[in-house]
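Please read the structure below before turning to the comments.
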Amino acid sequence: MKIIEQIDPVWAKDLPEAPKWQSHGQEVLIENPWMRVTRHPVTAPTGMKADYWVVRPKNIGAGVLPLHDDGTVTMVGQHRFALMRYSWEMPEGGAPEGEDPFEAIQRELKEEAGLTARHWVAALDMDLSNSTTDERAMCWLAWGLDDTKVDPDPTEVLVSARVPYLTLLEEVGRGAVRDSLTVATVYRAYHMAQTSLNGDGPLPRELAQAMLSA
């Protein structure tokens, strides 16, 4: 599984490193095929003693924004259990330990959206809710799309819709699309499209123009 080394921001290179948390052991409280919950006696950066619990998912989250040549995007709708509400998202899934997240998201694009893609570009590599979990997510943009057969998981009932990118951007802004991977990737795609208009970005200029057309 590809692991990205930590990259420090440019403004931090000449600043002293802040004190770190210290863990003095680990107890596994819960473990199942998807996650483990660990408990640690710790010392905070201030020197204070504390009791810290961490949720450690066993999958790396993976998502892809599928961009059609006309500037539309395929979105997937499903009911999510944890929040007990309906959610519109880009195709997403999890890469189990030992699987390359890029291979996982190629599979999810086929299974959830019935699509394959000839071109891919990395968009984001994120830590999610890093005060309570070490969950990580990796997201891509994909284009050069072809149809294939959908094959959802046995627990999934999915609906797909093809919407203009700018409509999706507006729906994100008004809170109708709330999934964090989708929200972050949609905003990232806007910047990538803007820089591609003058040839400096990673997307074909024609695709960027289609995405940003009203």
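The table that follows gives values for the structure above.
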item	result
Cα-Cα separations in the range 99-214 greater than 24 Å, expressed as whole percent	31 percent
Residues whose placed amide H lies under 5 Å from that of Leu65, excluding near-sequence neighbours	Trp140, Leu141, Ala142
Estimated [θ] at 222 nm from DSSP helical runs (n ≥ 4, -39500 (n - 2.57)) normalised by residues in the chain, nearest 500	-6000 deg cm²/dmol
Ranked by how many other beta carbons lie within 10 Å on average, peptides 164-170, 121-127, 46-52, 103-109 from highest	103-109, 164-170, 121-127, 46-52
Formal net charge of residues neighbouring Gly61 (Cβ-Cβ distance under 10 Å; K, R +1; D, E -1)	-1
Ratio Rg/Rh, restricted to the chain and using Cα atoms, in which Rh is the Kirkwood radius	1.02
Largest-first principal axis extents, alpha carbons of the range 18-57, Å	35, 17, 11
For Arg85, Arg80, Arg39, order by how many other beta-carbon atoms lie within 10 Å, fewest first	Arg85, Arg80, Arg39
The range 1-76, dipole about Cα centre (Lys/Arg Cβ +1, Asp/Glu Cβ -1), debye to the nearest 20	400 debye
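Taken together, the values in this text are just the output of simple stated rules run on the coordinates, not laboratory data. In this text the structure is predicted, and so the values were computed from the model without any measurement. Here Cβ is always computed from backbone atoms with ideal geometry, including for glycine, and neighbour counts include all displayed protein chains.
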